[in-house]
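The values are calculated or read from the model by the stated rules, or taken from the named source; none is laboratory data. Since we're looking at a predicted model, the values are computed, not measured. Methodologically, a virtual Cβ is constructed for each residue, glycine included, from the backbone with ideal geometry; neighbour enumeration extends over all protein chains shown. In case anyone asks, the SASA skips ligands and DNA or RNA and just uses the protein heavy atoms, side chains included. Shrake-Rupley method; radii C 1.70, N 1.55, O 1.52, S 1.80 Å.
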Amino acid sequence: ALQALAEAIPGPRHHQRPHRQRTARAMSDQANTTLILATAARASRLMRVAFPALGAIALVSFIAAPASPPPLPAAAALRRPVVPVTVSRAFELIANQERERLAGGSRSGAAPEDPWKVGANFEAVRISLPLAPPIIKHDPALGDGEGDKNIVGLQLLGKAGRRCVVYGMGIAWESNFEQQMAKEGCETHAFDCTVDPASPVVAGKAFTFHNWCIGEGGSAFNQGNNYLRGKSADGLSFRTLSETMRLLGHDEVDVLKFDIEGFEWRLFETEILSGKSLPGQLAFELHTQGSKPIAVPPHLVEGRGFAAVNRLFLALHDKGYRVVSKEMNIYDDKCAEFVLANIHESVA
């Protein structure tokens, strides 16, 4: 039909004889108008035959509208931006340097250079993948370790045409992070066996709340856990991370957030570092030896000082995780908030 339309519109005819060319040039404006209208009428008939639903309006739009830019070739449309080699090597250099610091701090007898400095337990842990807003939410230097989680690519999660799954472990009296991630479009699940499902902290929210804790149960292990509010841990529900993912039908988790007052050490050892499916990002508070016992049971962080912290982050580094945010807790310098991104994260 388009070929027929093209044939209906007269074009230059270079084979015309000279006297016909002169005659054509001498045609009056009225004759030109008549020719154009006649051509349009014929083209309109052809369009109605080929595209009856379009009608004459479609033809007018077709003729009057300016030509749209040609579409990108398929290969160009699917092409992803590529990080320049120089930039990639610079990031790699920084990551390797930070790994060396962690390895040095992991040796037996290693100690911080300034043990009396605030945050000495975390002295060797530095940002190994330096990013800035808006790629991350805020400048880590301006954070207080108690505010927003400094998630990478927040504006893309839940909006990239793929499933986005977020787990939030440890709610207590604050669920702002889980609520925000749910509103961003992520399938968000919150877990806490110490919170009543009827509590306004979790009831009627955009996320799904599960009244179980992810981790190890038992009254002995949970001794000193003030979040139990005098209850026995034996009567509460505990599940492993892998069991939880299986129950909820998740093969992958995009963001795993946890603030579980010292219980994170066992989670790292038994679930994350040994797991086959690593979360895309980890957002957590790490509690170390000397943390205030009103919030952190001392037996959970005993021996978890400078060297232990470095060994943990070295193991995470070798699993593909890079530190993108580090913020000291302003109320307890034995605790710090971190966000780690997995550079081996799968791309759908």
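Please give me the summed charge of the neighbours of MET245: other residues whose Cβ is under 14 Å from its Cβ, Lys and Arg +1, Asp and Glu -1. Residues close to MET245 contribute a combined charge of -2.
Cross-link partners for LYS159 among the lysines, with Cα-Cα distance under 30 Å and sequence neighbours closer than 8 places in the same chain left out: LYS137, LYS149, LYS183, LYS205, LYS257, LYS276, LYS319, LYS326. Applying the criteria of a DSSP loop state and at most 11 other Cβ atoms within 10 Å to the trypsin sites (Lys or Arg not before Pro) of the stretch 276-348 yields LYS276.
Taking a ≥ b ≥ c as the square roots of the eigenvalues of the alpha-carbon gyration tensor, the stretch 254-298 is classed prolate because a/c is 1.5 or more and a/b outweighs b/c. Here the Karplus relation 6.51 cos²θ - 1.76 cosθ + 1.60, evaluated at θ = phi - 60°, turns the backbone of the stretch 328-342 into coupling constants of 6, 6, 6, 9, 8, 6, 8, 10, 8, 8, 10, 10, 10, 10, 8 Hz, with x for every Gly and Pro. Compactness ratio for the stretch 108-196: Cα radius of gyration over 2.2 N^0.38 Å (N = residue count) comes to 1.39.
At a probe radius of 1.4 angstrom, the accessible area of the stretch 247-294 per residue rounds to 38 square angstrom. Applying 1/(1 + (r/R0)^6) with R0 = 25 Å to the Cβ-Cβ distance of TRP116 and ALA315 gives a FRET efficiency near 0.35. Per-residue 3J(HN,Hα) values for the stretch 278-283, derived from phi via the Karplus relation 6.51 cos²θ - 1.76 cosθ + 1.60 with θ = phi - 60°, read 8, x, x, 9, 10, 10 Hz in sequence order (x marks Gly and Pro).
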